[in-house]
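Heads up: the structure comes next, in structure tokens.
The values are calculated or read from the model by the stated rules, or taken from the named source; none is laboratory data. Note that the coordinates shown come from a computational prediction; the quantities given were computed from them, not determined experimentally. Note: ideal-geometry Cβ built from the backbone for every residue, glycine included; neighbour counts use all protein chains shown. In case anyone asks, the SASA skips ligands and DNA or RNA and just uses the protein heavy atoms, side chains included. Shrake-Rupley method; radii C 1.70, N 1.55, O 1.52, S 1.80 Å.
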Amino acid sequence: MTSTSLRSVLLAVVAGAILATMPPTPSEALFSLFKKKEQVVEGGQTGPATVNAADAAAKISDYRRSRGLPPVTVDATLTAIAASQAQAMARARKMSHSLGGSFPSRLSRGGYDALIAAENLAAGPRNLDEVISSWRASKGHNANLLKAGVTQIGIAVAYAPNNKYGNYWALVLGTPDTGQQQGPDAGPPVSAVPQ
């Protein structure tokens, strides 16, 4: 190996070591939280999180009001649908909108006839504030939190022990179809993640 080649290799090793010890930039730290369109927070809680649906509705409502949108209330049917999805993810130890079927089929099976509906998932957040913060930081999830016409929510968290994420969160936002609106102006189609 020539002295020039040796210097180049040493320089590359030293530069790599320096870069490896530098803290991530704020944007690198933010984007390291995301995998695809779903929220994943590495190193989740070592124990199960809990959630009070009324507290979640109050926090989400405060956020919506700050953006000129009406508040949301807790719906027992949406809460059961969210709990089923959170439990399915914890059992499978993975986050997915398709566990247990498509989002529209899970709504139907759960007994919720939706005019408007959206779903946010997360893996890893240790408490309600962390999960809401992570959703607000994600363009698609934030759009769901601020979806026009949404009036109700259901939220749940399930725990998977000995798993790198621990807590699996599901939030379902919706408006029931009361049959009063029909036709092309009835509202957007039901979707799990905005495009």
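If you go through the range 95-111 one residue at a time, how many are open to solvent by 20 Å² or more (accessible area, probe 1.4 Å) and assigned to a loop (DSSP other than H, G, I, E, B)?
Total satisfying the criteria: 9.
Of the residues 92, 143, only one is at pLDDT 95 or above and either open to solvent by 40 Å² or more (accessible area, probe 1.4 Å) or of a type in the set (S, T, N, Q) (or both); which?
None of the others qualify; the one that does is 143.
Quick one: in the range 146-160, which of the residues that are more than 15 Å from residue 58 (Cα to Cα) and assigned to a loop (DSSP other than H, G, I, E, B) is most open to solvent (accessible area, probe 1.4 Å)?
Looking at residues that are more than 15 Å from residue 58 (Cα to Cα) and assigned to a loop (DSSP other than H, G, I, E, B), I get 148.
Limited to the range 112-134, what total is found for residues that are touching a Pro at 6+ places or on another chain (Cβ under 9 Å) and in contact (Cβ under 8 Å) with a residue 60 or more places away in the chain?
10
At pLDDT 85 or above, touching a helix residue (DSSP H, G or I) at 6+ places or on another chain (Cβ under 9 Å), on the phi > 0 side of the Ramachandran plot and assigned to a loop (DSSP other than H, G, I, E, B): does that describe residue 68?
So residue 68 does not fit the description; no.
Answer with yes or no whether residue 56 is open to solvent by less than 40 Å² (accessible area, probe 1.4 Å) and either within 17 Å of the chain's Cα centre (by Cα) or hydroxyl-bearing (Ser, Thr, Tyr) (or both).
The answer is yes for residue 56.
Which pairs do you get when a residue that is basic (Lys, Arg), found in the range 86-109, comes within reach of a residue that is buried (at least 17 other Cβ atoms within 10 Å of the Cβ) and part of a loop (DSSP other than H, G, I, E, B), reach meaning Cβ atoms under 6 angstrom, with the pair 6+ apart or on two chains?
Hits for this filter: 93/160; 106/100.
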